[in-house]
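Beneath this line is the structure, given in structure tokens, with notes to follow.
The values are calculated or read from the model by the stated rules, or taken from the named source; none is laboratory data. Computed from a predicted model, the values in this text were never measured in an experiment. Quick reminder, even Gly has a Cβ in these numbers, built from the backbone with ideal geometry, and neighbours come from all protein chains shown.
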Amino acid sequence: MKLQDIQLQTPYLELDAEFYDLTEPEPLDEPYLISFNEDAGKLINLDSQTKDNPDFIAMLNGTFSPKGARNFAMCYAGHQFGNYNPWLGDGRASNLGKLGSWNLQVKGSGETLYSRMADGRAAVRSSIREYLMSEAMHHLGIPTTRALGIIGSKTKIMRTKTENAAIVMRMSTSWVRFGTFEYFHYRKEHVKLKALAEYVIAESFPHLKDDEDRFYKMFCEVVERTANMIASWQGIGFNHGVMNTDNMSIEGLTIDYGPFAMLDDFRYGYICNHTDSIGRYSYGQQPNISYWNLTKLSEALPSLISKERMQKKLDDYGTFIYPDAYVEVMRKKLGLSLSLDGDGELVEALVVALHDAYVDNTLFFRTLSHYYGNREALYDIAMDPVVVDNWLKLYDVRLKKETRSQEERQNAMLRTNPKYVLKNYMIQIAIEKAEKDDYSMVDTLLNIARNPYEELPEFESFAGDTPEEYKNIGLSCSS
């Protein structure tokens, strides 16, 4: 499909006008292409020549509008670091419309009604981080929004320093958040809240459309999808950093990549957001915060669903929905094909061992994928090999209960435990090169992100331990 043939739909604009604000994009000065993501392009049938079409840059920059496009920002509220903010919304994003199942959005396109005195712009560095990480998460099998492309410019913006502005085009099957429901609940606009729920069911849970109990079943699916997403985060070592309710997707997608990190050395209490002084959104707190956020969503839905039914589902979340999802993720990482009593205790012992051993999270699991009884390779990557040795004794006992062969186990683990994840120091290299107008590293990391489980000899240096000076650093919200 050519850009000129795109025909967008805007079903969200059929809701009441309070749901959104129509916007006008503010084009950047002298825009240029940084990267085009062919994988994402295929999702909306864009051909590989799109990157050479000047209208692609123009579409991101707001000077070319596909047929049917109408720019709008979405309204929502949210609990931010535990405190309710009644007036949020897309402060620097503009939605263009929907193509098939994908909602297209440009981030960094200028001020909106919800910008709250901000400039509505995005820096090159934050745009590169989101562009690369959303694709990396997808190829790791974690539910996420996608990114189609990114443009830079000569427009100057002020953050911690003067920087060039950029725009990234994001794609999602839904942009509705927990905070969207909170907005209408706390305003006591229950008719609009019901209309929102019906829209969400039609867009994200169409199999429930004609079900008399659709609202409760929608809530149950949100709970279960959230559990699976958080379990995947914990398994891969991803720290989101800003798990406010306005950053929680009703579809259970990873959205809004602000401060984030893949663990370097495994630190259960690692905080990637240096403004998070108490560690509310630390890596280890993510399961608890997801429960808290789901509770806030339930508090916004009593006009549709009984509180008692929702509380029972939330109780199940903490009792077995999330714990079972997490243990199942870890079974796969450990190459365990059978579900046996005691697996949870084995996983708990591993978490403690990883924390005490001072070992690179990704490197540990990739090395373990080759394990056949010889422990030297695992000793070599840990600061405290005795801790690793003690856990491996438990692991050896558990492996004896498996029925598949060692080769089958190792092959399964190599398809589950990536050799490559995009660590912050790697993305920082790409950012520093980009600040010198060299975007080659962006494409290099995009290629690595697409092939996390492969052996890529030319990128072997990115598969090792993170250099000591770059380990587990914190980032700001503008990063």
(Q) Could you go through the stretch 132-149 and let me know if any residue there is part of a strand (DSSP E or B), within 19 Å of Glu432 (Cβ to Cβ) and in contact with a Lys or Arg (Cβ under 9 Å, 6 or more places away or on another chain). (A) no
Q: Could you tell me which of the residues Gln49, Gln80 is surrounded by fewer than 23 Cβ atoms within 10 Å (Cβ to Cβ) and modelled with pLDDT of 95 or more?
A: Gln80
Q | Subset of the stretch 274-304 (residues that are of a type in the set (S, T, N, Q), within 14 Å of Asp315 (Cα to Cα) and within 18 Å of the chain's Cα centre (by Cα)) | A | Asn288, Ser290, Asn293
Q | Enumerated helices (runs of 4 or more DSSP H) restricted to the stretch 173-240, each holding at least 2 residues that are among the charged types (D, E, K, R) | A | 190-204, 214-236
Q. Out of the stretch 300-338, which residues are touching a helix residue (DSSP H, G or I) at 6+ places or on another chain (Cβ under 7 Å) and among the small types (Gly, Ala, Ser)?
A. Ala300, Ser303, Gly318, Ala325, Gly335
(Q) Checking the condition over 21 Å from the mean Cα position of the chain (by Cα), at negative phi and not hydroxyl-bearing (Ser, Thr, Tyr), which residue from Asp119, Asp90 passes? (A) Asp119
(Q) From the list Ser127, Ser115, Ser101, exactly one residue is in contact with a Ser or Thr (Cβ under 8 Å, 6 or more places away or on another chain) and of a type in the set (Ser, Thr, Tyr). Which is it? (A) Ser101
Q: Only residues that are loosely packed, with under 13 Cβ neighbours inside 10 Å and under 17 Å from Thr63 (Cβ atoms): list them for the stretch 1-31, please.
A: Gln4, Glu24, Asp29, Glu30
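Yes/no matrix, rows are residues, columns are (1) buried (at least 24 other Cβ atoms within 10 Å of the Cβ); (2) over 20 Å from Phe72 (Cβ atoms):
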{"residue": "Lys98", "(1), (2)": "no, no"}
{"residue": "Tyr131", "(1), (2)": "yes, yes"}
{"residue": "Thr145", "(1), (2)": "yes, no"}
{"residue": "Ile167", "(1), (2)": "yes, no"}
{"residue": "Glu189", "(1), (2)": "no, no"}
Q: Would you be able to tell me the number of residues in the stretch 290-306 that are more than 17 Å from Asn85 (Cα to Cα) and among the aliphatic types (A, V, I, L, M)?
A: 3
Q. Condition test on Leu378, is it within 14 Å of Leu354 (Cα to Cα) and either assigned by TED's automatic domain parsing to the domain that holds Asp360 or out of contact with any Leu (no Cβ under 7 Å at 6 or more places or on another chain) (or both)?
A. yes
Q. Of these, Ala197, Ala166, which one is in contact (Cβ under 8 Å) with a residue 60 or more places away in the chain, outside the structural domain of Leu104 (by TED's automatic domain parsing) and among the aliphatic types (A, V, I, L, M)?
A. Ala197
Q: Just give me the residues in the stretch 7-30 being closer than 25 Å to Lys194 by Cα and of a type in the set (Ser, Thr, Tyr), in sequence order.
A: Thr10, Tyr12, Tyr20
Q.
Which residue is surrounded by the fewest Cβ atoms within 10 Å (Cβ to Cβ), if the candidates are limited to the stretch 169-187 and must be within 19 Å of Gly258 (Cβ to Cβ) and aromatic (Phe, Trp, Tyr)?
A. Trp175
Q.
Could you list, ordered by first residue, the pairs with Cβ atoms under 7 Å in which the first is in the stretch 443-461 and closer than 17 Å to Thr144 by Cβ and buried (at least 17 other Cβ atoms within 10 Å of the Cβ) and the second is β-branched (Val, Ile, Thr) and at pLDDT 95 or above, at least 6 apart or interchain?
A. Leu445/Ile427; Pro452/Val421
